[in-house]
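Remarks on the structure that follows.
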2 protein chains.
Amino acid sequence: MENRELILECALELFSHRGYDAVGVQEIAEKAGITKPTLYHYFGNKRGLLESVLKENYLKLETALLKAADYRRDLPLTLHRVVSAYFSHAANHPVFYRMYISMIYSPPESESFKAAMPVLQRQLEMLEQLFIKAAGDHGNMRGRHKPYAVSLLAMVNTYIQMCYSNHIQLNNETTFKAIHQFMHGIFS
Amino acid sequence: MENRELILECALELFSHRGYDAVGVQEIAEKAGITKPTLYHYFGNKRGLLESVLKENYLKLETALLKAADYRRDLPLTLHRVVSAYFSHAANHPVFYRMYISMIYSPPESESFKAAMPVLQRQLEMLEQLFIKAAGDHGNMRGRHKPYAVSLLAMVNTYIQMCYSNHIQLNNETTFKAIHQFMHGIFS
DNA sequence: TTGATATTATACCACACGGTATAGAAAATA
DNA sequence: TATTTTCTATACCGTGTGGTATAATATCAA
């Protein structure tokens, strides 16, 4: 139980800094202080390790998102909670979120992208559900849930990326600004 | 002269679809119908090949950008030309631009990111120059050239990425909308 | 204690990796 | 024609890759 977590943690760090393809299984094992068979015992193969690293770290974010996306007929409030959930997770788990971002922007045939695809999809579906519910109160949004979900997610990741490049800070003011910008993009 | 271009073209395609680390020199040589020593004769090593692919494809974009960024005291017009230059290049050279995007979002210690960094920097400097000039006519922009350049570029790449995912189209209407959104973000 | 199961290390496999020494052609120069 | 330079192929190198067969050890239930 201890070694498994250790391997996950070391793999995350290495994948995040240098990328999945550039890191060998050997190196992960060495950094974790174990040997390859131990790693293969827990994760089957390298791809399985990547998927476990991604999924088990994403779960924490997803539970926060599900809580935040609870729609109570106040869209700006809900969006604020959702975006805040993203920003605080990105701020508290930068190593993970950097890896995730690099994965979803990877080439379409790469292992990284294929592994990240389902995670991305789950977020989109969740956001779509939110916008479908919101369309009940805002008729002019009806039928647009897909582009809304896509562009909200794109905006969130853009802001996070800019934060990681030290160009902005993910404080409350930024959150409001982002949502304002998003809403303005919708209703125009 | 023929083999060199052929290698560049094949490498671009493979890097764009599967990523730099996942593609071997052997495979590039096979696809180009030549052998490894030929490749190493022209590019020295794998990293040199990547840099050549990136730089020689970027040059076409840069000349278009330099022409577009010529500021004649009409910021909206200049921005429209710049964004249009980006969008049309992304539309006409999707294989290249996909590779470029995946590179700038790669992990910071990866070869891909390190190779893309200078190209990204050149674009930022060019855009900063534009905003510095524009600040002569729009006093309230003064001193903000850096965040403006960063966020314009981020927005452009976000739109391009959404186009590649078939969520939007990069037509004239989208261009105006993007600029409108950017200007609104600035003056608020 | 016994037996089964889960976990770990040693040692190894075939293979692909990036890269090169050597030398043969081809082309240009003298 | 002789010579030099550019370009290309054969064949190879050491190393590291993802992955595994085997067996020892630890854990735990009966």
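The values are calculated or read from the model by the stated rules, or taken from the named source; none is laboratory data. Bear in mind the structure is a predicted one, so any value in this text is a computation, not a measurement. Cβ: placed from backbone, ideal geometry, glycine included. Neighbour counts: every protein chain shown. When the accessible area is computed, the model is the full protein with side chains, heavy atoms only, and any ligands, DNA or RNA have been set aside. Shrake-Rupley method; radii C 1.70, N 1.55, O 1.52, S 1.80 Å.
Computed values, structure above
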{"item": "10 Å Cβ neighbours from other chains, averaged over peptide B:99-108", "result": "6"}
{"item": "Max mean-square fluctuation residue, GNM over chain B, Cα-Cα springs under 10 Å, options B:R72, B:R122, B:R47", "result": "B:R72"}
{"item": "Label geometry 7 Å along the beta-carbon vector: A:V25 inter-copy distances in nm", "result": "2.6"}
{"item": "Nm distances between copies for B:G139, ranked from closest, using label points 7 Å along Cα→Cβ", "result": "4.7"}
{"item": "Residue-averaged 222 nm ellipticity for chain A, from DSSP H runs of 4+ at -39500 (n - 2.57), nearest 500", "result": "-25500 deg cm²/dmol"}
{"item": "Calculated from backbone phi, Karplus (6.51, -1.76, 1.60) coupling profile of the range A:45-58 in Hz, x at Gly/Pro", "result": "8, 4, 4, x, 4, 4, 5, 5, 4, 5, 5, 5, 7, 5"}
{"item": "At 1.002 mPa s and 20 °C, Stokes D of chain B from Kirkwood alpha-carbon radius, µm² per second", "result": "121"}
{"item": "A:L77/B:S188 FRET efficiency (R0 25 Å; Cβ-Cβ; nearest 0.05)", "result": "0.75"}
{"item": "Inter-label distance, nm, simple model (7 Å from Cα along the C-beta direction), A:N3/A:K55", "result": "2.1"}
{"item": "Part-to-part distance (alpha-carbon centres) for the range B:136-187 and the range A:1-58, which is given in Å", "result": "39"}
{"item": "For the range B:142-159, 3J(HN,Hα) per residue [Karplus equation, 6.51 cos²θ - 1.76 cosθ + 1.60, θ = phi - 60°, Hz, x = Gly/Pro]", "result": "4, x, 9, 4, 5, x, 4, 4, 4, 6, 5, 4, 4, 5, 4, 5, 5, 4"}
{"item": "Exercise: per-residue mean of other protein chain Cβ atoms within 10 Å, B:17-29", "result": "4"}
{"item": "Label point 7 Å beyond Cα along the C-beta direction, distances from A:E173 to other copies (nm, shortest first)", "result": "3.7"}
{"item": "Relative contact order (%) - the range A:1-113, alpha-carbon pairs under 8 angstrom, separation at least six", "result": "28"}
{"item": "Most mobile of A:G139, A:G33, A:G24 in a GNM of chain A (Cα contacts under 10 Å)", "result": "A:G139"}
{"item": "Semi-axes of the equivalent ellipsoid for the protein assembly as shown, Cα gyration tensor, largest first, Å", "result": "34, 31, 18"}
{"item": "Solvent-accessible surface ranking, highest first, for B:F176, A:F96 at 1.4 angstrom", "result": "B:F176, A:F96"}
